[in-house]
Structure formats: structure tokens, C-alpha cells
Ligand SMILES: [Mg+2]
Ligand SMILES: [Zn+2]
């Protein structure tokens with residue numbers, strides 16, 4: 001079995017959106033979706049190497065009543081379209097739509113898939129025959145690192161300064177195997193991990 005590259009979405013594949021001073025959120029509309037600089041190089045390298053790229057994302061916006069499932073789907077499609085413009089592709093997506101304090105009853109559950117729980121990674125590994133110990137999880141939050149660590153993935157934390165101070169502080173304290181300041185730097189680490 002082969003390893004895969006697991007990618008968090010918001011803050012790694014697409015940029016977060018500034019709501020007000022120091023407050024950032026995932027994009028709530030199709031128009032605000034932008035790719036993070038350099039993500040196409042990581043996904044493109046994996047595509048050429050035959051390494052699966054799997055998005056692992058918490059999207060509680062629908063559960064919280066911030067958007068409809070239709071809007072959420074359109075945002076996913078926009079991410080895919082922007083990547084297709086760069087001739088790269090995500091192979092599979094695993095998304096948790098739950099939130100324990102949600103207002104949509106069927107999504108307001110304490111599930112096993114919301115990161116930091118590793119449920120989505122376990123499901124992906126089973127369904128796609130992925131060796132988690134040979135895999136890498138690239139995220140921008142401590143819950144990405146914790147989910148990856150729980151199942152033996154190598155964890156990369158992408159830190160960037162254009163974000164809320166408290167988020168950067170939390171992220172810095174997380175037990176990631178590698179902390180990188182750019183996706184170019186992340187690609188160097190990923191190449192080393194997959195070719196050694
Ligand atoms: Mg994120
Ligand atoms: Zn869930």
C-alpha cells in the first residue's frame with residue numbers, strides 16, 4: 001500500500017477570508033474563493049508522482065446555519081475549477097459537515113469525523129487502500145496535526161502571518177513534525193518524505 005498526501009482545505013488549498021481585524025473565516029461565497037500561493041505545485045507534483053491527494057476538511061458552516069449545502073457544494077466546485085485551471089486535481093475528498101452545537105438537527109451531532117478526531121483519515125485509508133504511516137497531513141491548525149498524529153501520519157503545519165494572532169499562537173504550540181512558512185517549503189519536505 002502507498003501513502004497519500006492529505007490536505008486540509010481552508011488556509012491550505014484556498015485562502016481564508018478576512019472578516020474584520022484579526023478575524024478570518026472560510027469562504028462563505030463562491031466569489032471569495034482564492035487558491036493559496038503554491039498549492040498547485042504540491043498537488044501537481046503528487047499528480048505526476050501517482051500519489052493520491054485527499055482533501056480532509058471540517059465544514060461546519062451548513063450545520064451552523066451560515067450557508068446551505070448547495071452553497072457549500074458550489075464552493076467545493078469552485079476550488080476544483082481553480083485547480084483545474086492550473087492542470088492539477090484533488091483525487092478524493094472527505095468532509096465533515098457536523099458540529100455538536102449546530103442548529104440543523106441532523107448535522108448537530110458529536111460525530112467521529114470532525115478533526116481533531118481522525119475518523120475521516122481512517123475512512124479514507126480503508127476506502128482508498130492508503131498506508132497512513134507512509135502518508136503526510138498538511139494543515140494549518142493544531143486539530144489537523146492532532147488528527148494526523150493520531151493515525152501515524154507525518155504532520156506538516158503551514159504557518160503564515162496573514163492570520164489572527166491567536167490562531168498563529170495555537171498553531172505554533174502544536175506538536176507538528178514540521179512547521180513551514182510557505183507551501184514551497186512544504187513541498188521540499190514532502191518530496192523528501194516520499195522519496196527517501
Ligand atoms: Mg484550515
Ligand atoms: Zn463529522
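The values are calculated or read from the model by the stated rules, or taken from the named source; none is laboratory data. Computed from a prediction, not measured in an experiment: that's the story for all the values here. Quick reminder, even Gly has a Cβ in these numbers, built from the backbone with ideal geometry, and neighbours come from all protein chains shown.
What pairs can you find where one residue is in the range 131-146 and farther than 22 Å from residue 16 by Cβ, the other is in a helix (DSSP H, G or I), and their Cβ atoms are less than 6 Å apart, with a gap of 6+ or different chains?
Qualifying pairs under 6 Å: 132/125.
Return only the number of the condition from (1) within 16 Å of ligand 1 (Cβ to nearest atom); (2) surrounded by fewer than 21 Cβ atoms within 10 Å (Cβ to Cβ) that residue 127 does not satisfy.
(1)
One residue is enough: does the range 55-73 have a residue meeting the conditions in contact (Cβ under 8 Å) with a residue 24 or more places away in the chain, more than 16 Å from ligand 1 (Cβ to nearest atom), part of a loop (DSSP other than H, G, I, E, B) and under 16 Å from residue 34 (Cβ atoms)?
No, the conditions are met nowhere in the range 55-73.
Quick one: is residue 9 within 16 Å of ligand 1 (Cβ to nearest atom), touching a residue at least 12 places away in the same chain (Cβ under 8 Å) and more than 12 Å from the chain's Cα centre (by Cα)?
It is false that residue 9 is within 16 Å of ligand 1 (Cβ to nearest atom), touching a residue at least 12 places away in the same chain (Cβ under 8 Å) and more than 12 Å from the chain's Cα centre (by Cα).
Please count how many residues of the range 12-27 are assigned to a loop (DSSP other than H, G, I, E, B) and under 16 Å from the mean Cα position of the chain (by Cα).
6
This table checks each residue for (1) over 19 Å from residue 139 (Cα atoms); (2) at pLDDT 95 or above.
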position: 11; (1), (2): no, no
position: 40; (1), (2): no, yes
position: 54; (1), (2): no, yes
position: 78; (1), (2): yes, yes
position: 92; (1), (2): no, yes
position: 100; (1), (2): yes, yes
position: 103; (1), (2): yes, yes
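Suppose the filter is surrounded by fewer than 16 Cβ atoms within 10 Å (Cβ to Cβ) and more than 14 Å from the chain's Cα centre (by Cα); does residue 30 pass it?
yes
Take the conditions within 16 Å of ligand 1 (Cβ to nearest atom) and under 22 Å from residue 37 (Cα atoms) and apply them to residue 148. Does it pass?
So residue 148 fails the test.
Among helices (runs of 4 or more DSSP H) lying entirely in the range 86-196, which contain 2 or more residues that are under 17 Å from the mean Cα position of the chain (by Cα) and within 16 Å of ligand 2 (Cβ to nearest atom)?
Where helices (runs of 4 or more DSSP H) fall fully within the range 86-196 and carry at least 2 residues being under 17 Å from the mean Cα position of the chain (by Cα) and within 16 Å of ligand 2 (Cβ to nearest atom), they are 119-128, 142-150.
Within the range 159-178, how many residues are modelled with pLDDT under 95 and closer than 22 Å to residue 44 by Cα?
2
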